[in-house]
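Here is the structure we will look at.
What follows draws every value from the coordinates through simple rules; no lab data is involved. The model shown is predicted, which means the values in this text are computed figures rather than measured ones. Cβ atoms come from the backbone with ideal geometry, glycine included; neighbour counts cover every protein chain shown.
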Amino acid sequence: MSAATEPETLIRYDGISPGAGIWGYTQANFLVAVPGRNAKESAILMNEPAGKYLIAESGLGDTPVNREAVLKAIGQAWYPVLVASGGDIPSIVTVSRAFLDDHPEVAEAVRQATR
């Protein structure tokens, strides 16, 4: 599923990367294509404290399928903010409890998307 921030902007979820858990993260991959810019592959790394928090806030069981749903919702909420700001899309976005404290709208978007 893709999200658009303007008619031609594409935010495509490309799935989970296996093996990132050995570092204490769950990783999801996205492609962000903005008109007039090169398409950018970007990964969201969600650390364990953020993952446990978002799973609990969403009322979901802590399963790989639910973590994937949470990561997909994070990307669909956060990449449009980055695109709208006009800045570069980072190769890696680390989502921690501090990130969620700074961006409560992302946590709220996850709650809404996983209901």
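Mean separation of Cα pairs under 8 Å and 6 or more residues apart, divided by the residue count, gives the chain a relative contact order of 26 percent. Taken along the Cα-to-beta-carbon direction at a fixed 7 Å, the label points for A113 and V81 span 1.2 nm. Of the options (1) 0.95; (2) 1.12; (3) 1.07, only one is Rg/Rh (Cα atoms, Kirkwood Rh) as computed from these coordinates, and that is (1). Residues within the reach of a label modelled at K40 (point 7 angstrom out along Cα to beta-carbon, backbone nitrogen below 18 Å), restricted to region 65-85, are 74-85.
Against the chain, whose longest principal axis comes from its Cα atoms, helix 104-113 is set at around 80 degrees. On a 0 to 90° scale, report how tilted helix 64-85 is relative to the longest principal axis of the chain, with both axes built from alpha carbons and the result rounded to the nearest 10. That helix lies at roughly 30 degrees to the long axis. Structure remark: mean-square fluctuation, Gaussian network model of the chain, C-alpha springs under 10 Å; the largest value among A28, A84, A73 belongs to A84.
Taken along the Cα-to-beta-carbon direction at a fixed 7 Å, the label points for L10 and N29 span 1.6 nm. Label sites at S17 and A56, each approximated as a point 7 angstrom past Cα along Cα to Cβ, lie 2.8 nm apart.
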